[in-house]
Amino acid sequence: MKINRALAALPAGYLFQEVNHRVQQYLAENPEAKLLRLGIGDVTLPLPAAVCRAFSEAALEMGTPEGFRGYGPDYGYDFLIDAIRAHDYAPRGVKIDQDEVFISDGAKSDVGALQELFAPDAIIAVTDPVYPVYVDSNAMAGRLGQYENERWSRAVYLPCTAENGFVPQMPDAPVDVLYLCSPNNPTGTALTRSQLSGIVDWALRRDVLIVFDAAYKGFIRDQDVPMSIYEIPGAEKCAVECCSFSKTAGFTGVRCAYTVIPKTVQYEGDSLNRLWKRRQSTKLNGVSYPVQRAAAAVYTDEGWQQVQSNLDYYLGNARVILEGLRQAGYEAFGGVNSPYVWMRTPAGTPSWDFFDTLLRRAQVVCTPGAGFGPAGEGYLRLTAFNTRDNTRQAVERILKLL
Ligand SMILES: *Cc1c(COP(=O)(O)O)cnc(C)c1O
């Protein structure tokens, strides 16, 4: 049997492994240390009560003759699809048909699988630093060439740094697909309406597909930051959008997400909506009924209020981090429409070195920016998913370093 050489050649995903390794080593030497973790990339608040109620009621329904359900619709139940259209799109003036929404078990699955719709030699562009799934899923399919000096030879990297305000400069080189994440993981920055318009216009001119990852849209509080790429005219012809209940509603352990593919997204005379339907009906048998009921409860008045209060809590933590760092004279970005703050290390210190400084001198754990791509060097990611108390303490400790 011949193995997938492209998959075998992938570099080990070593970022969080290495973070863990350094933390464990420090704890072994300093067993008394009380570490404060601002590297957490997962939600921490419990599920809203309205969501749990719908979740358990639906599970009990399955135990009755009238309520039992076997395989659901491949693309999701209408009650959830309609709730999404009515609450996430209609109020923003975006008209999405029922058969343009695809329910799934996660945005990671969708964003990783979308590359199955592209030609084997399609050219992929990503922002740098980047959520690794976009790159790795294309590399596994053998689309990215050789890996050398932290880069794939056939991928196009678009650096996003403080110098360009974390807005990628669109390349002149040929590109078929651009992966875009806003609000961004890891930088915590979000594209404004006019910045996103510029990118959509570029994609339309070049016949490029945008894969838009909106996993953090629930954190947007700025009127000038679109929650959906379809708020930008023309995006319905050049973009697919991946959304998730994970970060917005605490579903990282429950698993529910959705991808929108308008029928107007057409390349070489074929519709991506048709191709994705064909792909999903072959590889997915839907998402469980109780999970979809739980997700639909996010859109009830009670569920929505509870979800917003959780999001406000995380955003409050992000503000504590952002303002604390800035007061101390650090350069810090993001953290306004996002649970992530991206800070520049002082005096160009390499990000792994400053990670060690924070660990050893402040007992604060963060994530080194270099782990997200070459342009992440010189930055750190701090997250808002700890408690308010721990967040405040962590910031105080960082300030005392000075
Ligand atoms: C967390 C995250 C997701 C969400 O993935 P799920 O599979 O829905 O939990 C998607 N994209 C980015 C950039 C993320 O950080």
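Just so it is clear, none of the values below were taken in a lab; they were calculated from the coordinates. Since this is a predicted model, take the numbers as computed values, not measurements. Ideal geometry is used to build each Cβ from the backbone, glycine not excepted, and the neighbour counts take in all protein chains shown.
Taking amide H as placed 1.01 Å from N in the peptide plane, the amide H of Tyr258 sits under 5 Å from that of Ser104, Cys243, Ser244, Phe245, each at least 5 places away or on another chain. By the beta-carbon count within 10 Å of each Cβ, the least crowded to most crowded order of Met343, Met170, Met62, fewest first, is Met62, Met170, Met343.
Which entries of Lys263/Lys283; Lys237/Lys283; Lys108/Lys217; Lys108/Lys237; Lys108/Lys263; Lys34/Lys247 have Cα-Cα distances beyond 18 Å here?
As for pairs spanning more than 18 Å Cα to Cα, those are Lys263/Lys283; Lys237/Lys283; Lys108/Lys237; Lys108/Lys263; Lys34/Lys247.
Equivalent ellipsoid of the stretch 286-386: semi-axes from √(5λ) of the C-alpha gyration tensor, largest first, are 34, 16, 11 Å.
Residues Asp74, Asp97, ranked from the fewest to the most other C-beta atoms within 10 Å, line up as Asp97, Asp74. Which FRET efficiency value, to the nearest 0.05, do you get for Arg92 and Gln327 by plugging their Cβ-Cβ distance into 1/(1 + (r/R0)^6) with R0 = 25 Å? So, using R0 = 25 Å, E works out to roughly 0.10. Per residue of the chain, the DSSP helices (runs of n ≥ 4 H) give a summed -39500 (n - 2.57) that works out to -11000 deg cm²/dmol at 222 nm. Using just the C-alpha positions of the stretch 67-300 as equal point scatterers, what log10 of I(q)/I(0) does the Debye formula give at each q in 0.07, 0.15, 0.17 1/Å? Computed log10 I(q)/I(0) values: -0.21, -1.02, -1.33.
Full extension of the chain between Glu61 and Glu396 gives 115.6 nm of extra length, using 0.36 nm per residue less the Cα-Cα distance. In this structure the amide hydrogen of Gly250, modeled in the peptide plane, comes within under 5 Å of no amide hydrogen from residues 5 or more places off or on another chain. As I understand it, the dipole of the stretch 67-300 uses +1 on the Cβ of Lys and Arg and -1 on the Cβ of Asp and Glu, about the Cα centre. Which of Thr264, Leu144, Gly253 lies farthest toward its positive end? Ranked along the dipole, the leading option is Gly253.
Restricting the calculation to Cα atoms, the chain shows an Rg/Rh of 0.97 when the hydrodynamic-style radius is the Kirkwood one. Using 0.36 nm per residue and subtracting the Cα-Cα separation, the extra length available between Gln146 and Ser281 on full extension is 45.3 nm. Of all complete DSSP H helices in the chain, those with a Cα span along the helix axis of 24 Å or greater and a mean Kyte-Doolittle hydropathy of -1.0 or more are 301-327. Working note: Debye formula, equal point scatterers on the alpha-carbon atoms of the stretch 329-402, no solvent; log10 I(q)/I(0) at q = 0.26 Å⁻¹ is -1.39.
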